[in-house]
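Working notes, beginning with the structure itself.
Here, each number is a calculation from the coordinates, and none is a lab measurement. The model shown is predicted, which means the values in this text are computed figures rather than measured ones. All Cβ positions, even for glycine, are placed from backbone atoms using ideal geometry, and neighbour counts span all protein chains on display.
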Amino acid sequence: MFKIMIVEDDPKIKEIILENIKKWGFDGLCIYDFNEVLNVFVRYEPHLILMDINLPHFDGFYWCTKIREISKVPILFISSRNTNMDIIMAINIGGDDFIQKPFSLDVLIAKINALLRRTYSYTNIEPAVIEYNDVILNLKNSTLIYNKKTIELSKNEFKILNILMNNSGSVVSRNTIMRKLWEDENFIDDNTLTVNINRLRKKLSAIGLDNFIKTKKGQGYIII
């Protein structure tokens, strides 16, 4: 089980984060004595740290620097401070990612999963979500979340997005998509795929994702 250390000053946010990461199967530990961050880190040996910037005594930048002296554990900054300088500072001193308050818990879980996969290569563990540019595809209930809005996807719409988001930045041919849709369908013809793509685009547009799926004429579709 992956262990996550939560270094957050706001008691309410701290408890909400702890409750939700446990729902996703992670072990969590909150910091309450902010003079003991490094000592707790050494004893707990977390796989990932969620680090606020504004903390009592010493800020998150300080603790990130101290942890980086002894460990390469991934650190995800969570803060209401969102200036370019704050984000640059967080990354330059060794942070791996940055999420601004107020944040979506789904986005937070997606970023945690992404950092753990990159760091520990747990490819044998099925991810719960796919995240790309703050667009979250929930693999458990076939929904898509963006900007705190959720849409329900049909079986084919879900499969299309799953293929495209897993291959973001690359063109996926229509034939490749249709072969995937054929797995448990009697027959999906070219026109049926077009209808599914058009319906999906309308749903995406309704939550502010215009042109999320781009057509490459004569090649297929791409998400970039």
So what is the relative contact order for the chain, in percent, with contacts set as C-alpha pairs under 8 Å and at least six apart?
12
Each label sits 7 Å from Cα toward the beta-carbon; between residue 173 and residue 141 the label points are separated, in nm, by 3.7
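With 20 Å as the limit, write out which pairs from 155/202; 101/203; 3/111 have Cα-Cα distances beyond it, or answer none. Mind dumping the intermediate values first?
Working: 155/202 16 Å; 101/203 27 Å; 3/111 15 Å.
Distance filter (> 20 Å) returns 101/203.
Would you mind calculating the relative contact order of segment 129-222 from Cα pairs under 8 angstrom and at least 6 residues apart, reporting the percent as a whole number? Walk me through the numbers before you get to the answer.
Details: 107 pairs, mean separation 23.4, N = 94.
Value for segment 129-222: 25 percent.
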Between the alpha-carbon centers of segment 19-76 and segment 78-109, tell me the distance in whole angstrom.
14
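Checking understanding here: applying a Kyte-Doolittle mean of at least -1.0 and a length along the axis of at least 15 Å (C-alpha), which whole DSSP H helices in the chain pass?
Values: long enough: 11-23 (18 Å, -0.45); 105-120 (22 Å, 0.63); 155-166 (16 Å, -0.04); 190-206 (25 Å, -0.65).
Answer set is 11-23, 105-120, 155-166, 190-206.
Using helices alone, what [θ] at 222 nm do you get for the chain, with -39,500 (n - 2.57) per DSSP H run of 4 or more residues, divided over all residues and rounded to the nearest 500?
Working: 8 runs with 92 residues, N = 224.
Calculated mean residue ellipticity at 222 nm is -12500 deg cm²/dmol.
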Quick one: which of 6-15, 63-72 comes out on top by average Cβ neighbours within 10 Å, and what's the full order, highest first?
6-15, 63-72
Applying the gyration tensor rule to the Cα atoms of segment 1-146 (axes a ≥ b ≥ c; rounded if a/c under 1.5, else prolate if a/b exceeds b/c, else oblate), the class is prolate
Once normalised by the length of segment 3-120, the mean sequence separation of its alpha carbon contacts under 8 Å that are 6 or more apart gives a contact order in percent of 23
Loop sites in segment 7-53: chymotrypsin sites (Phe, Trp or Tyr not before Pro), DSSP, at most 13 other Cβ within 10 Å:
32
